[in-house]
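Input: a single structure, listed below in C-alpha coordinates.
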Amino acid sequence: MGRDIVALSRHNLDVSSFEALAKDISNRIQYNVEYGYWAYEDYSKMLNIPYQSDFTVLGTAVFNPNRDTIYRLIDDKYQDRELLARYGDELFSMKNYIFSSEEILNQEEIDELKEEILQCNIDLTSPITDKDFCTIGKHLLINNFDYFSRWWDFCSVIIEEDYLDNSQHFVKYRKKMMFYSKLFGGDKIFYIDDQSNYLKGIGQGDELDYTWDELEKIIYERVNNEVVSISEVMLDYRVKDTLALNREFPLAFIDDFKDLPK
(Lines give C-alpha, C1' and ligand atoms only; values in the text may rest on other atoms or scores of the structure.)
Protein backbone atom coordinates (compact mmCIF):
# COMPACT_ATOMS: atom_id res chain seq x y z
CA MET A 1 0.00 0.00 0.00
CA GLY A 2 1.30 3.45 -0.89
CA ARG A 3 2.30 5.90 1.80
CA ASP A 4 1.13 9.49 1.79
CA ILE A 5 2.36 12.76 3.23
CA VAL A 6 0.53 14.35 6.14
CA ALA A 7 1.49 18.00 6.64
CA LEU A 8 0.71 19.51 10.03
CA SER A 9 0.97 23.07 11.31
CA ARG A 10 -0.48 25.18 14.11
CA HIS A 11 -3.12 27.86 13.53
CA ASN A 12 -4.67 30.81 15.34
CA LEU A 13 -8.09 30.68 13.69
CA ASP A 14 -11.20 31.56 15.68
CA VAL A 15 -12.86 28.18 16.32
CA SER A 16 -15.24 29.51 19.01
CA SER A 17 -18.17 28.88 16.64
CA PHE A 18 -18.85 27.70 13.10
CA GLU A 19 -19.86 31.21 12.06
CA ALA A 20 -16.81 32.82 13.68
CA LEU A 21 -14.50 30.37 11.89
CA ALA A 22 -16.11 31.10 8.52
CA LYS A 23 -15.75 34.86 9.03
CA ASP A 24 -12.13 34.54 10.13
CA ILE A 25 -11.16 32.39 7.15
CA SER A 26 -13.11 34.60 4.73
CA ASN A 27 -11.19 37.66 5.89
CA ARG A 28 -7.85 35.90 5.58
CA ILE A 29 -8.28 34.29 2.16
CA GLN A 30 -10.46 37.18 0.87
CA TYR A 31 -13.14 34.91 -0.54
CA ASN A 32 -16.72 34.19 0.48
CA VAL A 33 -17.01 31.12 2.72
CA GLU A 34 -20.21 29.15 3.25
CA TYR A 35 -20.51 26.72 6.13
CA GLY A 36 -22.75 23.73 6.75
CA TYR A 37 -22.99 19.95 6.58
CA TRP A 38 -24.12 16.92 4.59
CA ALA A 39 -27.22 15.44 6.22
CA TYR A 40 -28.03 11.80 6.91
CA GLU A 41 -31.62 10.76 6.28
CA ASP A 42 -31.89 8.73 9.50
CA TYR A 43 -30.37 11.53 11.55
CA SER A 44 -32.76 14.08 10.06
CA LYS A 45 -35.69 11.86 11.06
CA MET A 46 -34.33 11.55 14.58
CA LEU A 47 -34.07 15.35 14.73
CA ASN A 48 -37.55 15.79 13.24
CA ILE A 49 -36.29 18.00 10.44
CA PRO A 50 -36.74 17.67 6.66
CA TYR A 51 -33.99 15.68 4.98
CA GLN A 52 -32.19 17.20 2.02
CA SER A 53 -29.62 15.38 -0.06
CA ASP A 54 -27.89 18.58 -1.14
CA PHE A 55 -25.38 20.33 1.08
CA THR A 56 -27.11 22.13 3.93
CA VAL A 57 -25.87 25.70 4.13
CA LEU A 58 -26.13 27.21 7.61
CA GLY A 59 -24.72 30.58 6.57
CA THR A 60 -22.18 32.41 4.43
CA ALA A 61 -19.39 34.74 5.46
CA VAL A 62 -19.34 37.32 2.67
CA PHE A 63 -16.08 39.05 1.86
CA ASN A 64 -17.08 40.32 -1.58
CA PRO A 65 -20.74 40.07 -2.67
CA ASN A 66 -19.69 40.40 -6.32
CA ARG A 67 -17.38 37.39 -6.22
CA ASP A 68 -18.94 34.09 -7.29
CA THR A 69 -16.18 31.79 -6.01
CA ILE A 70 -17.16 30.33 -2.65
CA TYR A 71 -15.05 28.21 -0.34
CA ARG A 72 -16.92 25.74 1.83
CA LEU A 73 -16.52 24.71 5.48
CA ILE A 74 -17.92 21.25 6.18
CA ASP A 75 -18.64 19.88 9.66
CA ASP A 76 -19.23 16.13 9.33
CA LYS A 77 -20.21 15.87 13.00
CA TYR A 78 -22.78 18.67 12.99
CA GLN A 79 -25.83 16.38 13.14
CA ASP A 80 -24.10 14.11 15.65
CA ARG A 81 -23.76 17.04 18.03
CA GLU A 82 -27.39 18.02 17.48
CA LEU A 83 -28.43 14.46 18.32
CA LEU A 84 -26.19 14.34 21.39
CA ALA A 85 -27.69 17.59 22.65
CA ARG A 86 -31.20 16.18 22.20
CA TYR A 87 -30.81 12.61 23.42
CA GLY A 88 -27.71 12.61 25.62
CA ASP A 89 -26.12 9.23 26.37
CA GLU A 90 -29.31 7.48 25.22
CA LEU A 91 -28.18 8.25 21.66
CA PHE A 92 -25.61 5.46 21.72
CA SER A 93 -28.27 2.79 22.18
CA MET A 94 -30.61 4.06 19.44
CA LYS A 95 -30.66 1.68 16.49
CA ASN A 96 -30.69 4.35 13.79
CA TYR A 97 -27.53 5.97 15.08
CA ILE A 98 -24.40 4.83 13.25
CA PHE A 99 -22.28 4.56 16.43
CA SER A 100 -24.91 2.65 18.38
CA SER A 101 -24.04 -0.79 19.69
CA GLU A 102 -26.05 -3.95 20.25
CA GLU A 103 -24.04 -4.39 23.43
CA ILE A 104 -24.47 -2.05 26.36
CA LEU A 105 -21.60 0.42 26.36
CA ASN A 106 -19.86 1.31 29.58
CA GLN A 107 -19.40 4.96 30.55
CA GLU A 108 -15.79 5.05 29.40
CA GLU A 109 -16.79 3.87 25.90
CA ILE A 110 -19.62 6.42 25.79
CA ASP A 111 -17.29 9.21 26.89
CA GLU A 112 -14.84 8.29 24.12
CA LEU A 113 -17.61 8.50 21.51
CA LYS A 114 -18.78 11.83 22.91
CA GLU A 115 -15.24 13.18 22.82
CA GLU A 116 -14.98 12.22 19.14
CA ILE A 117 -18.29 13.97 18.36
CA LEU A 118 -17.30 17.14 20.19
CA GLN A 119 -13.80 17.31 18.70
CA CYS A 120 -13.15 20.23 16.36
CA ASN A 121 -12.67 18.58 12.96
CA ILE A 122 -13.81 20.79 10.08
CA ASP A 123 -12.85 20.58 6.41
CA LEU A 124 -12.25 23.62 4.24
CA THR A 125 -12.93 22.77 0.60
CA SER A 126 -11.56 24.71 -2.34
CA PRO A 127 -13.98 25.42 -5.21
CA ILE A 128 -11.00 25.51 -7.56
CA THR A 129 -9.89 21.92 -6.98
CA ASP A 130 -13.13 20.62 -5.37
CA LYS A 131 -10.90 18.96 -2.76
CA ASP A 132 -10.15 19.51 0.90
CA PHE A 133 -7.94 22.56 1.29
CA CYS A 134 -7.23 21.73 4.92
CA THR A 135 -8.75 20.08 7.96
CA ILE A 136 -9.05 22.33 10.98
CA GLY A 137 -8.70 21.07 14.53
CA LYS A 138 -8.81 23.10 17.72
CA HIS A 139 -5.08 23.91 17.57
CA LEU A 140 -3.69 22.27 14.42
CA LEU A 141 -4.22 22.12 10.68
CA ILE A 142 -3.90 19.10 8.43
CA ASN A 143 -2.61 20.94 5.36
CA ASN A 144 -3.71 20.03 1.87
CA PHE A 145 -2.92 23.49 0.51
CA ASP A 146 -1.02 21.89 -2.36
CA TYR A 147 -0.07 18.40 -3.57
CA PHE A 148 3.49 17.32 -4.24
CA SER A 149 3.90 13.54 -4.22
CA ARG A 150 3.59 10.36 -2.22
CA TRP A 151 5.83 9.92 0.84
CA TRP A 152 8.85 8.12 -0.68
CA ASP A 153 9.16 10.63 -3.53
CA PHE A 154 8.96 13.42 -0.99
CA CYS A 155 11.87 11.86 0.91
CA SER A 156 13.86 11.43 -2.29
CA VAL A 157 13.50 15.01 -3.41
CA ILE A 158 15.18 16.21 -0.23
CA ILE A 159 17.85 13.56 0.19
CA GLU A 160 18.88 12.47 -3.31
CA GLU A 161 21.01 14.90 -5.27
CA ASP A 162 19.47 14.38 -8.72
CA TYR A 163 16.03 15.27 -7.40
CA LEU A 164 17.18 18.16 -5.25
CA ASP A 165 19.20 19.93 -7.94
CA ASN A 166 16.41 19.87 -10.49
CA SER A 167 13.20 20.32 -8.56
CA GLN A 168 11.81 23.81 -8.97
CA HIS A 169 8.44 22.17 -8.43
CA PHE A 170 9.51 21.38 -4.87
CA VAL A 171 10.42 25.03 -4.23
CA LYS A 172 7.04 26.20 -5.56
CA TYR A 173 5.31 23.62 -3.38
CA ARG A 174 7.13 24.79 -0.24
CA LYS A 175 6.40 28.44 -0.99
CA LYS A 176 2.68 27.76 -1.34
CA MET A 177 2.61 25.68 1.84
CA MET A 178 4.50 28.44 3.66
CA PHE A 179 2.11 31.13 2.41
CA TYR A 180 -1.07 29.45 3.61
CA SER A 181 0.47 28.11 6.83
CA LYS A 182 1.54 31.63 7.81
CA LEU A 183 -1.79 33.07 6.64
CA PHE A 184 -3.55 30.80 9.14
CA GLY A 185 -1.10 31.51 11.96
CA GLY A 186 1.58 28.82 11.65
CA ASP A 187 5.34 29.20 11.38
CA LYS A 188 6.46 25.60 10.77
CA ILE A 189 5.17 22.42 9.12
CA PHE A 190 5.75 18.83 10.14
CA TYR A 191 5.72 16.35 7.25
CA ILE A 192 5.08 12.80 8.37
CA ASP A 193 4.35 9.40 6.87
CA ASP A 194 0.68 8.51 7.29
CA GLN A 195 1.65 4.88 7.95
CA SER A 196 4.62 5.40 10.21
CA ASN A 197 5.26 2.53 12.60
CA TYR A 198 6.60 5.03 15.12
CA LEU A 199 3.76 7.54 14.98
CA LYS A 200 0.71 5.30 15.24
CA GLY A 201 -2.38 7.46 15.28
CA ILE A 202 -0.47 10.60 14.29
CA GLY A 203 -1.25 11.23 10.65
CA GLN A 204 -4.48 9.26 10.92
CA GLY A 205 -6.57 11.76 12.86
CA ASP A 206 -5.21 11.55 16.40
CA GLU A 207 -3.04 14.62 15.79
CA LEU A 208 -6.10 16.85 16.11
CA ASP A 209 -6.23 15.98 19.82
CA TYR A 210 -2.98 17.84 20.51
CA THR A 211 -1.57 21.33 20.74
CA TRP A 212 1.48 22.11 18.60
CA ASP A 213 3.85 21.80 21.58
CA GLU A 214 2.36 18.42 22.50
CA LEU A 215 2.61 17.18 18.90
CA GLU A 216 6.23 18.34 18.61
CA LYS A 217 7.15 16.54 21.83
CA ILE A 218 5.49 13.31 20.69
CA ILE A 219 7.13 13.32 17.26
CA TYR A 220 10.62 13.96 18.59
CA GLU A 221 10.24 11.34 21.30
CA ARG A 222 8.77 8.59 19.13
CA VAL A 223 11.11 8.86 16.16
CA ASN A 224 14.25 9.06 18.30
CA ASN A 225 15.13 12.53 17.03
CA GLU A 226 15.25 11.36 13.39
CA VAL A 227 13.54 14.54 12.26
CA VAL A 228 15.21 16.31 9.33
CA SER A 229 15.05 20.07 8.90
CA ILE A 230 14.26 20.84 5.24
CA SER A 231 15.65 24.36 5.48
CA GLU A 232 18.94 23.07 6.91
CA VAL A 233 19.31 20.71 3.95
CA MET A 234 18.60 23.51 1.51
CA LEU A 235 21.04 25.87 3.22
CA ASP A 236 23.85 23.33 3.46
CA TYR A 237 23.95 20.37 1.04
CA ARG A 238 26.48 18.61 3.27
CA VAL A 239 23.54 17.76 5.53
CA LYS A 240 21.95 15.99 2.56
CA ASP A 241 25.15 14.03 1.91
CA THR A 242 25.15 12.77 5.50
CA LEU A 243 21.55 11.67 5.17
CA ALA A 244 22.25 9.87 1.90
CA LEU A 245 25.11 7.93 3.50
CA ASN A 246 22.72 6.59 6.13
CA ARG A 247 20.72 4.93 3.32
CA GLU A 248 17.60 5.32 5.38
CA PHE A 249 14.83 7.80 4.79
CA PRO A 250 14.11 9.97 7.84
CA LEU A 251 10.99 9.33 9.82
CA ALA A 252 9.74 12.92 9.75
CA PHE A 253 10.62 16.31 8.30
CA ILE A 254 10.13 19.80 9.66
CA ASP A 255 10.13 22.96 7.56
CA ASP A 256 10.64 26.38 9.15
CA PHE A 257 11.11 28.07 5.73
CA LYS A 258 14.34 29.82 6.84
CA ASP A 259 15.93 29.38 3.41
CA LEU A 260 12.93 30.83 1.53
CA PRO A 261 12.40 34.53 0.76
CA LYS A 262 10.08 36.22 3.24
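The values are calculated or read from the model by the stated rules, or taken from the named source; none is laboratory data. Note that the structure is predicted; figures quoted are calculated from it, not measured. Methodologically, a virtual Cβ is constructed for each residue, glycine included, from the backbone with ideal geometry; neighbour enumeration extends over all protein chains shown. Protein only, heavy atoms only, side chains kept; ligands, DNA and RNA dropped before computing areas. Shrake-Rupley method; radii C 1.70, N 1.55, O 1.52, S 1.80 Å.
With R₀ set to 30 Å, the beta-carbon distance separating residue 67 from residue 12 gives a calculated FRET efficiency near 0.75. In the chain, a dipole from Cβ-located charges (positive for Lys and Arg, negative for Asp and Glu) runs towards its positive end, and of 110, 215, 22 it is 22 whose Cα lies farthest in that direction. Applying a threshold of 22 Å to the alpha-carbon distances of 188/262; 172/258; 95/131; 77/182; 23/258 flags 95/131; 77/182; 23/258 as lying beyond it. Each label was represented as a point 7 Å from its Cα along the Cα-to-Cβ direction; for residue 204 and residue 235 these points are 3.5 nm apart. On the basis of the beta-carbon distance and an R0 of 45 Å, residue 169 and residue 90 show a calculated FRET efficiency of 0.25.
Between the amide H of residue 211 and any residue lying 5 or more places away or on another chain, no distance stays under 5 Å, with hydrogens modeled in the peptide plane. Taking amide H atoms as placed 1.01 Å from N in the peptide plane, the amide H of residue 229 lies under 5 Å from those of 254, each 5 or more residues away in sequence or on another chain.
Most simply put, the chain has about 80% antiparallel DSSP beta bridges, counting only bridges with both residues inside it. State which stretch of the chain is the longest one without any exposed GluC sites (Glu not before Pro), exposure meaning a DSSP loop state and at most 11 other Cβ atoms within 10 Å. No qualifying site falls inside 104-247, the longest such stretch. Residues whose amide H lies under 5 Å from that of residue 120, counting only those 5 or more places away or on a different chain, are 138; hydrogens are built 1.01 Å from N in the peptide plane. Compute the acute angle (0 to 90°) between the alpha-carbon long axis of helix 18-29 and the principal axis of greatest extent of the alpha-carbon atoms of the chain; round to the nearest 10°. The helix 18-29 is inclined about 30 degrees to the chain. Between the Cα long axis of helix 212-222 and the first principal axis of the chain there is an angle of about 60°, rounded to the nearest 10.
Using DSSP to define loop residues, name the trypsin sites (Lys or Arg not before Pro) in region 81-156 whose beta-carbon has at most 16 other beta-carbon atoms within 10 Å. Here the trypsin sites (Lys or Arg not before Pro) that fit, given the DSSP loop and packing criteria, are 95, 138, 150. In the chain, the portion of solvent-accessible area held by carbon and sulfur atoms comes to 45 percent [1.4 Å probe, whole percent, DNA, RNA and ligands not counted].
Across region 57-65, coupling constants 3J(HN,Hα) worked out from phi with the 6.51/-1.76/1.60 Karplus curve, θ = phi - 60°, read 8, 8, x, 9, 8, 9, 9, 9, x Hz, and Gly and Pro carry x. Calculated accessible area for the chain comes out at 56 Å² per residue, all protein chains present (probe 1.4 Å; ligands, DNA, RNA ignored). Expressed as an acute angle from 0 to 90° and rounded to the nearest 10, what is the orientation of the C-alpha long axis of helix 107-118 relative to the principal long axis of the chain? Between the helix axis and the principal axis of the chain, the angle is about 70 degrees. Distance between the modelled labels on residue 259 and residue 194, one decimal in nanometres: 2.7 nm (7 Å Cα→Cβ projection).
Rolling a 1.4 Å probe over the protein chains gives residue 251 an accessible area of about 40 Å².
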